[in-house]
Amino acid sequence: MAALPVPFMLAKDVERAAESLLHDYVRARGGGALRGAVNVDFIVENILELDLAVIDLKGLLANPSVLGMTSVEDRRICVDQSLERIPGRFAFTLAHEIGHWQLHRQILEQRQREDTLFDLERLPSPAPRPGRRRKAPVEWQADQFAACLLMPARLVREAVRLAFGERRPSWEGIEARLLTGEPDERFVEVAEQVIAAGKFDNVSNMAMRIRLRDLKLVVDASDPQRSLL
């Protein structure tokens, strides 16, 4: 299916949409402060009132790259059963599909029947690499929504302060490693500490690294004037 044309959205606009849904989530669970892992299953079934199906999606569609799908017509979100064994990826995939429902539902409703099914391709990559194609805007928006839903900026900042104090984690060569794809063991360790401090139990290490980068909460000491882009 060709990439769905969607209106341009800034990251702050996507975050605002996710925050609105989080407000509904907190209210539906009795109010109080938002803490720890966001229960995306609850959001799908109790707030959005959609069906959630965990099925052999790859086999059904004969496509091994499809991990999630949203049917607007049937009011159903499907996630491939293989992800049940990987909590972080299951939650992100489900949150990504929630992003499609919240941000793109009206556009999808205007399309022909064959376009009412939306496929998830992959989780977000750590960083664009030389010669690597960027994601289509519709997929970037859904990924960004998922990150904001599962890792609200305020809670991530609080977790960084709990783990590291007022100074952002900083070391040399972060950006260079991101560009080359070289493993960065220290970044993995930092993300694990933030996950533990914030009790982000359903978030993968990769997803947290991307969120820390986007929120500029990790600084490359090779160039102190620049945060990660």
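One table, with the values for the structure above:
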item: Members of region 45-81 found to be closer than 20 Å to Asp143 by Cα and surrounded by fewer than 12 Cβ atoms within 10 Å (Cβ to Cβ), listed by number; result: Pro64, Ser65
item: Test: residue in region 175-185 that is surrounded by 16 or more Cβ atoms within 10 Å (Cβ to Cβ) and either under 17 Å from Ala37 (Cα atoms) or β-branched (Val, Ile, Thr) (or both); result: no
item: Answer residue from region 189-229, given it is at pLDDT below 95 and small (Gly, Ala, Ser) and is surrounded by the most Cβ atoms within 10 Å (Cβ to Cβ) among those; result: Ser227
item: Contacts under 7 angstrom Cβ, first residue in region 27-47 being under 13 Å from Ile77 (Cβ atoms), partner hydroxyl-bearing (Ser, Thr, Tyr) and part of a helix (DSSP H, G or I), 6 or more apart; result: Ile43/Tyr25; Ile47/Tyr25
item: Glu172 being exposed (fewer than 15 other Cβ atoms within 10 Å of the Cβ), without any contact (Cβ under 8 Å) to a residue 24 or more places away in the chain and farther than 24 Å from Val14 by Cβ; result: no
item: Given (1) in the same structural domain as Leu108 (by TED's automatic domain parsing); (2) within 20 Å of His104 (Cα to Cα), index of the condition Gly30 fails; result: (2)
item: Evaluation of Phe90 against (1) more than 14 Å from Phe145 (Cβ to Cβ); (2) out of contact with any Leu (no Cβ under 6 Å at 6 or more places or on another chain); (3) in a helix (DSSP H, G or I) (one fails), failing number; result: (2)
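The values are calculated or read from the model by the stated rules, or taken from the named source; none is laboratory data. Here the structure is a predicted model, which is why all the values come from computation and not from measurement. Backbone-built Cβ (ideal geometry, glycine too); neighbour counts: all protein chains shown.
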